[in-house]
Amino acid sequence: MRKSAYLRNELNLTQYEMAELLNITRSQLSLFELGLRELPTNALIRSSQIGLFMATSKTPEAKDFPQIADWEEEKEKFLAKALKDCEHYQSSIIRKLPKMEEEYRATLNLLQLIIFFKEQANKEDALHPAALLTLEDKAMKSLERCGPKEVVRQKYQLLILQQQEEILKKLIESNRLDKQELE
């Protein structure tokens, strides 16, 4: 890798951006990086200046740039809010799951009762078919809301949120340690 390409990568610049710094065209820089052409003298001097600066300057720190300090503060706020939201969603699911499981058991009991009444359909005191349909409809809606598929989906979501909480805590701790090192 040529010095210019190395510097360009160290500065996270595109060929176009580096060419602007050197006051040449992108195609001239590309040909130079491929070893097919030499740089003009003024571009060589500028490249040397950039290289010298990179070699002799101290490693920049976030505290040297006020806007980065603002971004760091925003990052802390984002992580804290994300953790709070994650904990809130977890507690919501934890409260909801027992109710869902209870409703599911009750729905199974209702389905058993519907089967019982359907078996009694030929008797004099049989339940009206429309009432059975209403009960079946209620049971199906309840299963959609609290059936095994939905319970598993909520448990799965809870596991994901627990993993997310661990990741967020690690990010917050890492951020705190990084901040201490900078001070």
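So the values come out like this:
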| item | result |
| --- | --- |
| Matching residues, segment 102-117, being in contact with a helix residue (DSSP H, G or I) (Cβ under 7 Å, 6 or more places away or on another chain) and either open to solvent by less than 60 Å² (accessible area, probe 1.4 Å) or modelled with pLDDT under 95 (or both) | E103, T107, L110, L111, I114, F117 |
| Subset of segment 137-170 [more than 23 Å from I94 (Cβ to Cβ) and in contact with a helix residue (DSSP H, G or I) (Cβ under 6 Å, 6 or more places away or on another chain)] | A139 |
| Flag if D85 is open to solvent by 40 Å² or more (accessible area, probe 1.4 Å) and over 30 Å from E173 (Cβ atoms) | no |
| Set Q120, Q90: member being of a type in the set (S, T, N, Q) and surrounded by 15 or more Cβ atoms within 10 Å (Cβ to Cβ) | Q90 |
| Options L113, L29, L39, L133; residue that is under 41 Å from the mean Cα position of the chain (by Cα) and not polar (S, T, N, Q) | L29 |
| Tally of residues being within 29 Å of the chain's Cα centre (by Cα) and either modelled with pLDDT of 75 or more or loosely packed, with under 12 Cβ neighbours inside 10 Å (or both) across segment 53-63 | 2 |
| Residue in segment 55-66 that is closer than 21 Å to V152 by Cα and either among the aromatic types (F, W, Y) or in a helix (DSSP H, G or I) (or both) present | no |
| Where S174 falls short, out of the listed (1) farther than 30 Å from P60 by Cα; (2) open to solvent by less than 80 Å² (accessible area, probe 1.4 Å); (3) free of Cβ contacts under 8 Å to residues at least 40 places away in the same chain; (4) assigned to a helix (DSSP H, G or I) | (1) |
| Within segment 133-157, tally of residues that are touching a residue at least 40 places away in the same chain (Cβ under 8 Å), in a helix (DSSP H, G or I) and within 18 Å of E102 (Cα to Cα) | 7 |
| Filter pass, A139 being among the small types (G, A, S), in contact with a Leu (Cβ under 9 Å, 6 or more places away or on another chain) and open to solvent by 50 Å² or more (accessible area, probe 1.4 Å) | no |
| Residue tally, condition touching a Leu at 6+ places or on another chain (Cβ under 7 Å) and under 17 Å from F53 (Cβ atoms), over segment 18-42 | 2 |
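The values are calculated or read from the model by the stated rules, or taken from the named source; none is laboratory data. Worth saying up front: this structure is predicted, and the values here are computed from it rather than measured. Positions of Cβ are backbone-derived with ideal geometry, glycine not excepted, and every protein chain shown enters the neighbour counts. The area values use the complete protein model at the heavy-atom level, side chains included, leaving out ligands, DNA and RNA. Shrake-Rupley method; radii C 1.70, N 1.55, O 1.52, S 1.80 Å.
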